[in-house]
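Peer 1: Sharing a structure here in structure tokens format.
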Amino acid sequence: MTTAPLLATRLSLSDLDVLSLIAQGANEVALRDRGVYPSCNEARREVAALGRALAGGTPIRWTRIVHLSVVHHLVPARRSTDVRLPPWQLDLLRAWASGISLTEYAYEASLSQMEAKELEQLLCQNLGAVSDQHAVLRGHEAGSLTVHDPLTVTFNGTGETS
């Protein structure tokens, strides 16, 4: 795995700004509208490249990009008041940080899409997050995720492995 100082030297200041924007919940439309990239396609392509750089060449989801950005100290996670999440919400948060989408999580946890969307809304509300990416950052800030968290996802909200 690439160390944080080495990784930071490979990224430009604008790359670090993009990582920060993503962590705050920006999607490809927001990145385009802010003038960071000329198009949504360009935003997706460049963010995918950043993700591969963080993950050693493996394509990863934007939520995983945020988690790795915090782990590598590329995006600051300023500690806030601890938030104690119910087991299902913590499980979804860990799933997002590990790169699992809401749809994949719902399937593996045997949740309907409506149940999964409700879980997503409750999690984001409890963390004060505007998106799944922002929830990962807020999870770190609130102490629900740590840089040493093994990101064990149970798909049953009990904390036990399934």
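Peer 1: Quickly run through the range 83-133 and pick out the residues that are within 16 Å of Gly143 (Cβ to Cβ), among the basic types (Lys, Arg) and either part of a helix (DSSP H, G or I) or assigned by TED's automatic domain parsing to the domain that holds Glu28 (or both).
Peer 2: Arg94
Peer 1: Here's something else I'd like to know. Let me confirm something: among Leu127, Leu111, Leu119, which residue is within 20 Å of Ser20 (Cα to Cα) and surrounded by 13 or more Cβ atoms within 10 Å (Cβ to Cβ)?
Peer 2: Answer to the selection: Leu127.
Peer 1: Follow-up question, since we're still on this one. State yes or no: is His67 assigned to a helix (DSSP H, G or I), touching a Cys at 6+ places or on another chain (Cβ under 8 Å), of a type outside the set (S, T, N, Q) and within 30 Å of Ser14 (Cα to Cα)? Before the answer, list the steps.
Peer 2: Numbers: assigned to a helix (DSSP H, G or I): yes; touching a Cys at 6+ places or on another chain (Cβ under 8 Å): no; of a type outside the set (S, T, N, Q): yes; within 30 Å of Ser14 (Cα to Cα): yes.
No, not satisfied.
Peer 1: From Ala49, Ala53, Ala43, which residue is touching a Phe, Trp or Tyr at 6+ places or on another chain (Cβ under 7 Å), farther than 28 Å from Phe155 by Cβ and part of a helix (DSSP H, G or I)? Reasoning before the result, please.
Peer 2: Values: Ala49 fails: touching a Phe, Trp or Tyr at 6+ places or on another chain (Cβ under 7 Å); Ala53 fails: touching a Phe, Trp or Tyr at 6+ places or on another chain (Cβ under 7 Å).
Result of the check over Ala49, Ala53, Ala43: Ala43.
Peer 1: Something else: Would you point out which residue out of Thr81, Thr63 is more than 19 Å from the chain's Cα centre (by Cα) and closer than 30 Å to Glu115 by Cβ?
Peer 2: Only one candidate qualifies: Thr81.
Peer 1: May I pose another question? Could you pull out the residue among Gly51, Gly56 that is surrounded by 14 or more Cβ atoms within 10 Å (Cβ to Cβ) and in contact (Cβ under 8 Å) with a residue 12 or more places away in the chain?
Peer 2: One residue alone meets the criteria, Gly51.
The values are calculated or read from the model by the stated rules, or taken from the named source; none is laboratory data. Being a predicted model, the structure only gives us computed values, none of them experimental. For neighbour counting, all protein chains shown are included, and Cβ atoms are generated from backbone atoms with ideal geometry for every residue, glycine included.
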